[in-house]
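The values are calculated or read from the model by the stated rules, or taken from the named source; none is laboratory data. Computed from a predicted structure; not experimentally measured. A quick note on method: Cβ atoms are made from the backbone with ideal geometry, for glycine too, and the neighbour counts reach across all protein chains shown. Note: areas computed on protein heavy atoms with side chains; ligands, DNA, RNA excluded. Shrake-Rupley method; radii C 1.70, N 1.55, O 1.52, S 1.80 Å.
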Amino acid sequence: MRSHPRDAAWHISNELGCHNVYDFSDDAAAAFREWLRARYGTLDELNRAWATSFWSQRYSDWSQILPPRTAASYPNPTQQLDFKRFSSDALKDHLRAERDVLRALTPDVPVTTNFMVMGETKGMDYADWAGEVDFVSNDHYLLTGPQAQDELSFSANLTGSLAGGRPWYLMEHSTSAVNWQPVNLAKRPGGMARDSLTHVGYGADAVCFFQWRQSAGGAEKYHSAMVPHAGVDSDMFRSVAGLGATLAALAPVAGTRRLRAPVAIAFDWDSWWAGELDSHPTSLLRYRQEALDWYTAFLDAGVRADVVDVDDDLSGYQLLVAPILHVVPAALARRLEGYVASGGHLVTTYFSGIVDEDDHVWLGGYPGALRDLLGIRIEEFGPLPDGEAVDLDLGVTGTLWTDRIDVTDPAAEVVATYKTGDHAGRPAVTTRRTGAGSASYVSTRLGPEGLGAVLPHLLDVAEVSSELPPEARGLVDVAVRTDGTDDYWFLINRTDRRVDLSAIPGDPLHGPALAADTTLAARQVRVLRRPRA
């Protein structure tokens with residue numbers, strides 16, 4: 001197969017790291033030591049980074065170092081964080097090795113592998129992997145819960161960022177039910193097309209399914225397929241064929257890039273990994289959930305927001321939300337200070353700015369590296385037990401976390417205060433304006449509904465408003481792609497309600513899976529072509 005006219009691309013392996021991201025064997029231990037040698041150079045530097053003077057862990061020979069296997073108490077936190085980094089790098093090296101063979105044999109055939117940007121799959125730093133493939137691909141399966149559709153949009157959005165705004169492939173998703181959830185629900189009418197077109201709206205130029213024909217035997221025989229057990233004379237197959245015709249009608253969209261949104265949510269794998277380690281103020285913190293809550297809040301407000309890697313160019317965004325940005329190296333702190341100084345508006349949350357890249361606490365009070373930028377100081381964390389909540393004077397409730405905030409800069413405005421709890425009467429949300437920019441802090445988990453009460457202030461400060469008419473805000477997910485001359489607006493009904501889109505101008509594209517008029521029925525999608533202003 002060195003050369004074949006139908007070779008469009010190489011797909012390396014399948015879902016690297018899905019079931020094998022961590023290896024604690026002796027072979028892995030040897031590889032981990034080599035990775036550490038390359039990172040730190042000397043044992044003295046490793047001992048400093050790992051703070052091995054604590055609990056008498058100092059290493060005097062590289063051979064003494066092991067992966068963080070089961071221990072009598074908590075393994076060293078920096079050792080745990082480095083092992084996560086190493087494990088991601090080890091899988092990336094596997095990807096590179098196979099890619100390099102293919103590039104040598106078939107240099108004109110592009111290479112990809114299927115990422116798993118979805119849910120709590122977090123072992124692979126895909127922002128670091130994205131540059132290793134010729135184009136990004138992703139697998140995504142709809143999860144359960146009230147934010148299921150928003151999670152799909154969030155994942156597609158982040159995948160588009162990993163692709164650098166360029167087109168990518170949806171390598172796997174399902175036509176209907178899967179077989180691996182506790183209860184495997186069939187998708188409702190229109191759901192398969194809406195899921196697929198949401199990915200297209202956020203940059204996918206290919207929509208592929210697992211599987212083609214539903215198998216009669218084996219562990220995945222109850223996983224849906226393009227051709228179900230019922231055969232081609234089925235609503236499922238007719239829906240898949242209709243989607244194919246719709247994708248053909250969307251041919252002008254192929255090859256276009258994502259149009260940057262006015263708002264970004266910064267995503268950081270190091271903060272995800274380190275923020276959820278053991279021996280922390282709470283074991284209930286969920287990094288990705290907080291990011292998803294902000295995303296849902298922006299969808300509810302009708303405001304487009306990109307989900308971007310924290311190392312991306314952030315300068316063009318009017319408003320930047322960095323939820324639970326736990327790991328803040330000095331260089332990142334300077335970048336954020338520069339972003340605000342140049343007129344950007346930064347928002348961050350509880351447990352942010354706390355540690356550097358070695359998982360060492362920034363001393364002098366929290367939020368550490370971001371303390372002066374925010375104009376506040378916190379002496380002690382205030383995590384909340386599961387089931388407990390505090391009230392804010394905005395009429396919303398906070399859970400999971402509270403902070404006893406002291407305002408240290410007169411320029412820091414108190415936007416909301418606690419009404420109940422140990423910190424009643426103290427700030428809960430603050431904004432420090434500096435020059436044309438600002439830095440805001442949200443000290444508790446508010447969830448999408450609570451964030452909806454804070455967003456108007458944050459959007460006003462950043463001078464960001466919705467691009468949607470009032471009757472569509474909160475009901476429609478908007479993804480925009482552009483070829484530089486025309487913009488393609490994907491208007492996705494994220495509800496079970498009918499939505500009036502008559503106030504949104506544009507030339508509609510037509511296809512069996514697209515809305516035929518200006519009223520979106522439940523789970524429908526409308527695509528408009530609009531000349532660039």
Item to check | Some residue of the stretch 134-144 being loosely packed, with under 15 Cβ neighbours inside 10 Å and free of Cβ contacts under 8 Å to residues at least 60 places away in the same chain | outcome: yes
Checklist entry - For the stretch 371-401, which residues satisfy the criterion of being in a loop (DSSP other than H, G, I, E, B), of a type in the set (A, V, I, L, M) and open to solvent by 50 Å² or more (accessible area, probe 1.4 Å)? => result Leu394
Checklist outcome for this item: Pairing a residue in the stretch 385-401 that is among the small types (Gly, Ala, Ser) with any residue that is open to solvent by 70 Å² or more (accessible area, probe 1.4 Å), where Cβ atoms lie under 8 Å and the two sit 6 or more apart in sequence or on different chains, gives Gly398/Arg445
Checklist entry - Residues in the stretch 94-110: is at least one in a loop (DSSP other than H, G, I, E, B), in contact (Cβ under 8 Å) with a residue 60 or more places away in the chain, acidic (Asp, Glu) and exposed (fewer than 14 other Cβ atoms within 10 Å of the Cβ)? => result no
Item to check | Meets criteria (open to solvent by less than 20 Å² (accessible area, probe 1.4 Å) and in contact with a strand residue (DSSP E or B) (Cβ under 7 Å, 6 or more places away or on another chain)) for Arg445 | outcome: no
Checklist entry - Is the stretch 220-234 home to any residue that is part of a helix (DSSP H, G or I) and more than 30 Å from Pro469 (Cβ to Cβ)? => result no
Item to check | Test result for Tyr317, outside any loop (DSSP other than H, G, I, E, B), open to solvent by less than 40 Å² (accessible area, probe 1.4 Å) and on the phi < 0 side of the Ramachandran plot | outcome: no
Next on the checklist: Quick check on Leu332: is it assigned to a helix (DSSP H, G or I) and in contact with an Asp or Glu (Cβ under 7 Å, 6 or more places away or on another chain)?
Outcome noted: no
Checklist entry - Here are some residues: Thr349, Thr282. Which one is open to solvent by 10 Å² or more (accessible area, probe 1.4 Å), touching a strand residue (DSSP E or B) at 6+ places or on another chain (Cβ under 7 Å) and either modelled with pLDDT of 95 or more or among the acidic types (Asp, Glu) (or both)? => result Thr282
Checklist outcome for this item: Quick count over the stretch 194-215, residues being of a type in the set (Gly, Ala, Ser) and part of a helix (DSSP H, G or I), is 2
Next on the checklist: Looking at the stretch 476-491 only, could you name the residues that are of a type in the set (Val, Ile, Thr) and either outside any strand (DSSP E or B) or within 13 Å of Ala156 (Cα to Cα) (or both)?
Outcome noted: Val478, Val480, Thr485
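Results for (1) among the aliphatic types (A, V, I, L, M); (2) touching a Lys or Arg at 6+ places or on another chain (Cβ under 7 Å); (3) in a helix (DSSP H, G or I); (4) over 26 Å from Asp496 (Cβ atoms), shown as yes or no for each residue.
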position: Tyr141; (1), (2), (3), (4): no, no, no, no
position: Thr144; (1), (2), (3), (4): no, no, no, no
position: Ala156; (1), (2), (3), (4): yes, no, yes, no
position: Tyr169; (1), (2), (3), (4): no, no, no, yes
position: Ser176; (1), (2), (3), (4): no, yes, no, no
position: Met192; (1), (2), (3), (4): yes, no, yes, no
Next on the checklist: Please go through (1) part of a loop (DSSP other than H, G, I, E, B); (2) touching a residue at least 12 places away in the same chain (Cβ under 8 Å); (3) farther than 26 Å from Gln79 by Cα; (4) charged (D, E, K, R) for Asp278 and return the number of the only condition it doesn't satisfy.
Outcome noted: (3)
Next on the checklist: Going through Gly353, Gly344, Gly368 one at a time, which residue ends up being touching a residue at least 60 places away in the same chain (Cβ under 8 Å) and touching a Phe, Trp or Tyr at 6+ places or on another chain (Cβ under 9 Å)?
Outcome noted: Gly344
Item to check | Total residues in the stretch 402-435, condition open to solvent by 70 Å² or more (accessible area, probe 1.4 Å) and part of a strand (DSSP E or B) | outcome: 3
Checklist entry - Quick check: is even one residue across the stretch 452-463 touching a strand residue (DSSP E or B) at 6+ places or on another chain (Cβ under 9 Å), more than 30 Å from Arg530 (Cα to Cα) and either of a type in the set (Gly, Ala, Ser) or open to solvent by less than 20 Å² (accessible area, probe 1.4 Å) (or both)? => result yes
Checklist outcome for this item: Going through the stretch 105-121 in order, the residues found to be of a type in the set (S, T, N, Q) and either at positive phi or out of contact with any Cys (no Cβ under 8 Å at 6 or more places or on another chain) (or both) are Thr106, Thr112, Thr113, Asn114
Checklist outcome for this item: Scanning the stretch 24-52 for residues that are open to solvent by less than 40 Å² (accessible area, probe 1.4 Å), in a helix (DSSP H, G or I) and within 17 Å of Asp358 (Cα to Cα) gives Phe32, Leu36, Tyr40, Leu43, Leu46, Asn47, Ala49
Checklist outcome for this item: Only unsatisfied item for Met192, checking (1) closer than 24 Å to Leu514 by Cβ; (2) loosely packed, with under 14 Cβ neighbours inside 10 Å; (3) in contact with a helix residue (DSSP H, G or I) (Cβ under 8 Å, 6 or more places away or on another chain), is (2)
Item to check | Residue that is nearest to Gly242 (Cα to Cα), among those in the stretch 508-521 that are assigned to a loop (DSSP other than H, G, I, E, B) and open to solvent by less than 30 Å² (accessible area, probe 1.4 Å) | outcome: Ala513
Item to check | Every residue from the stretch 119-129 that is in contact with a Phe, Trp or Tyr (Cβ under 8 Å, 6 or more places away or on another chain) and either surrounded by fewer than 21 Cβ atoms within 10 Å (Cβ to Cβ) or among the aromatic types (Phe, Trp, Tyr) (or both) | outcome: Lys122, Gly123, Tyr126, Ala127, Asp128, Trp129
